[in-house]
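Just so it is clear, none of the values below were taken in a lab; they were calculated from the coordinates. These numbers were taken from a predicted model, which means no experiment stands behind them. For neighbour counting, all protein chains shown are included, and Cβ atoms are generated from backbone atoms with ideal geometry for every residue, glycine included.
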Amino acid sequence: MKELRTSVVPGMTHWASPNFFAFFPCTNSAAAIAGNLIASAMNTAGFTWQASPAATEMEVLALDWLAQLLRLPTTFMNRTSTGRGTGGGVILGTTSEAMLVTLVAAHDAALHRSGSVGVSHLPRLAVYAADQTHSTFFKACRLAGFDPANIRSIPTGPETNYGLNPSKLLEVMQADADAGLVPTYVCATVGTTSSNAVDLVGAIADVAAMFNAWVHVDAAYAGSACICPEFRHHLDGVEHVDSISMSPHKWLLTCLDCTCLYVRDAHRLSDSLETNPEYLKNDATESGEVTDLKDMQVGVGRRFRGLKLWMVMHTYGTTKLQEHIRSDVAMAKMFEYFVRADNRFEVVVPRNFALVCFRIKRSGAMTEEDADEANRVLMENLNKTGRAYLAHTVVGDKFVLRFAVGSSLQEERHVTSAWDLIKKTTSGIMD
Ligand SMILES: *Cc1c(COP(=O)(O)O)cnc(C)c1O
């Protein structure tokens, strides 16, 4: 412990600090830590149901509970009031994996549709996402074997607050179809990483349906907010998509790693990813009554991640989890109010959740480049103090600071003192 304190801790970036406002928070809780610790001690590798029955059942149960919290349609659930459904979920490590496995299922479906023998039509499959989509989507497409020339990144702008415009999507998909390509997969994001833009899930699903393309919703961060009725409308239309993923390790008090992937037809995923070697054959699998989670993920071995998520929901319950989201949003609103009240600054895009995108605005003889430079210096000077940590993005060609509220130990006073520090630091560079 002494070595840890002297040699490791000083070299860490302190994600758990209440003065951490960078990226998105990794939220945590006593229940999640306990769940993780117990799961580590048990150290199961529940690839099949038989390899760890209760671990599989608990993961399935936790996913169904979370689906209920999110008011996802029962078509995404493992079990419904009428028995076993056709949908299902799995807990993965990252959103990137959720994209990769659904891309593979979608490309199999598209190859099948286009009458391809083997993968001969693979070079004709095309995928779509807004230019604000997380970069890992483009990486997942490469991993899944899509031709980079057929990966469409559709430009967005301030007129849609950087959300994907469904009519632009239609234009691009139609042009591809006319050129003999097979529109295969559309990724819609609810709460982009850069600025928390929201793509219109229902309208995008309607466009994709015209081409039979798979629709995936990436709600890695903002999905957690949708457990509150006042944010749930961001998922409207989700009943028409094929899959959705969100990461409780970002904003739902569950320590890394925990990404929940839901698919409307679990067989479309498992048909693509299933393997049945002799050494894993067992009666439970043969019965067709159980879920073998190895068939919904990249690897075979898997940790008991369901326990920590189950413990978080069981310990805190709906009300406390909703309060946690609302308190972060209230702090972000307060920060947004501070920014708007100071005429040296601007809020660059409307705040949707607990992320505020702001900057020193151009004034007097400043050019846009000067303003960008002032913001870059502001961020560097703030971070150098060690008393707050912020990250940046570029939105509509402007260098923008991202203030992400929500680190687990954060209170109003931390937001207020970060704002005081921002004002002081700004005065230091503007005078
Ligand atoms: C964080 C984030 C990702 C990347 O997630 P990983 O789990 O690190 O792969 C993808 N999409 C969005 C919207 C995110 O916020």
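What the table shows:
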{"read-out": "Compactness of segment 30-314 - radius of gyration and Dmax, Cα, Å", "value": "18.5, 57"}
{"read-out": "Extreme residue, positive dipole direction of the chain, given options Val405, Gln297, Ser417 (C-beta unit charges)", "value": "Ser417"}
{"read-out": "Dipole magnitude of segment 30-314 about its Cα centre (Cβ charges: Lys, Arg +1; Asp, Glu -1), debye to nearest 20", "value": "500 debye"}
{"read-out": "Relative contact order (percent, whole number), segment 294-402, Cα cutoff 8 Å, 6+ residue spacing", "value": "16 percent"}
{"read-out": "Loop-located trypsin sites (Lys or Arg not before Pro) in segment 243-301, at most 16 other Cβ atoms within 10 Å (DSSP)", "value": "Lys281"}
{"read-out": "Vicinal HN-Hα couplings computed from phi for segment 138-153 (Karplus, 6.51 cos²θ - 1.76 cosθ + 1.60; Hz; Gly/Pro x)", "value": "5, 5, 4, 4, 5, 4, 7, x, 6, 6, x, 5, 10, 9, 9, 10"}
{"read-out": "5 angstrom amide H check on Arg152, placed H, neighbours 5+ away", "value": "Val127, Tyr128, Ala129"}
{"read-out": "Spin-label pair Tyr279/Asn212, simplified geometry with 7 Å Cα→Cβ offset, distance in nm", "value": "3.9 nm"}
{"read-out": "Normalised contact order of segment 190-277, rounded percent, pairs of Cα under 8 Å and 6 or more residues apart", "value": "25 percent"}
{"read-out": "Selection from Cys255, Ala126, Ser96, by position along the positive dipole direction of the chain (Cβ)", "value": "Cys255"}
{"read-out": "Using a Förster distance of 51 Å, the FRET efficiency for Arg84-Lys384 (Cβ separation, nearest 0.05)", "value": "0.35"}
{"read-out": "Dipole magnitude of segment 83-213 about its Cα centre (Cβ charges: Lys, Arg +1; Asp, Glu -1), debye to nearest 20", "value": "320 debye"}
{"read-out": "Percent antiparallel among DSSP beta bridges (both partners in the chain, rounded to 5)", "value": "55 percent"}
{"read-out": "Net +/- balance of residues flanking Asn165 in space, Cβ distance below 12 Å, scoring K and R +1, D and E -1", "value": "-3"}
{"read-out": "Ellipticity estimate at 222 nm from DSSP helix runs (n ≥ 4, -39,500 (n - 2.57)) divided over the chain, nearest 500", "value": "-12500 deg cm²/dmol"}
{"read-out": "Average Cα contact separation per residue, the chain, under 8 Å, 6 or more apart, as relative contact order %", "value": "24 percent"}
{"read-out": "Å³ per residue enclosed by the Cα convex hull of segment 157-260", "value": "105 Å³"}
{"read-out": "Straight-distance crosslink candidates among aspartates and glutamates, where the alpha carbon sits under 16 Å from Lys168 and sequence neighbours closer than 8 are dropped", "value": "Asp131, Glu159, Asp176, Asp178, Asp199, Asp206"}
